[in-house]
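The values are calculated or read from the model by the stated rules, or taken from the named source; none is laboratory data. Owing to the predicted nature of the structure, the values given are computational and were not obtained by experimental measurement. A quick note on method: Cβ atoms are made from the backbone with ideal geometry, for glycine too, and the neighbour counts reach across all protein chains shown. For the accessible areas, the whole protein counts, side chains as well, though only heavy atoms, and no ligand, DNA or RNA atoms are used. Shrake-Rupley method; radii C 1.70, N 1.55, O 1.52, S 1.80 Å.
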Amino acid sequence: MRQKLRFLHLAKRNEEAYVKWIKDFLHWAKAKHGQWIHPMELIDQEIEAYLTHLAVDRQVAASTQNQALSALVFLFNKMLIKRFKVEALRAKNSERLPLVLSKDEVRQVLNHISDPLLKLMSGLVYEAGLRVMEVCRLRVQDIDSRVGCGFLMRWLSNTPRPVVSLVGNIYSRE
């Protein structure tokens, strides 16, 4: 299964998540049937019951349930070539609004970070809008120091994506 995931160029984190959810599903089916059972022998209602179990019994977030569903879709559609239809009880989306900090609040947070590397990484996440893994994978070659701008390759597409102002003044240097 991992070979198929890699062949389809899924991200390593997606691969890990899919494997986790498929294992969880198989363990759930084993607990329900009292023995290991091949996924081809499972019917749509059992897949539906598992997804409902995630929402009701384990109270997972909607995005978590969607991730589990995506893993099962991969297992059945791509690996086993078996279509299924589910109408499971869906987890509710969170109604919380995201917390947005002002520039001064961000500056205060960054000024409390003593490690210069962590401070730089945190600043890049905030100012340049990079994802954590993009910051972790950032290389010297990705930065054009003449214009103070970076270019990220390979993550979302194979084309350069400009990232503005990598050398901006987002925190005071004390």
Report task. Please state which one of LYS32, LYS78 is in contact (Cβ under 8 Å) with a residue 24 or more places away in the chain, open to solvent by 70 Å² or more (accessible area, probe 1.4 Å) and in a helix (DSSP H, G or I). Result -> LYS78
Report summary line: VAL60 passes all but one of the listed conditions (1) aliphatic (A, V, I, L, M); (2) in a helix (DSSP H, G or I); (3) more than 24 Å from ARG2 (Cα to Cα); the exception is number (2)
Query - Number of the exception - ARG96 against (1) within 30 Å of LEU124 (Cα to Cα); (2) of a type in the set (Lys, Arg); (3) in a helix (DSSP H, G or I) - result: (3)
Report summary line: Exactly one of ALA55, ALA49, ALA62 is surrounded by fewer than 14 Cβ atoms within 10 Å (Cβ to Cβ) and among the small types (Gly, Ala, Ser), and that residue is ALA62
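Can you find a residue that is part of a helix (DSSP H, G or I), of a type in the set (Gly, Ala, Ser), modelled with pLDDT of 90 or more and over 15 Å from the mean Cα position of the chain (by Cα) anywhere in segment 6-28?
Just the residues of segment 6-28 that are part of a helix (DSSP H, G or I), to begin with: 6-7, 12-28.
Checking which are of a type in the set (Gly, Ala, Ser) leaves us with 17.
Narrowing further to those that are modelled with pLDDT of 90 or more: 17.
From the residues that got through so far, the ones that are over 15 Å from the mean Cα position of the chain (by Cα) too are none.
So far as segment 6-28 goes, no, none of its residues is part of a helix (DSSP H, G or I), of a type in the set (Gly, Ala, Ser), modelled with pLDDT of 90 or more and over 15 Å from the mean Cα position of the chain (by Cα).
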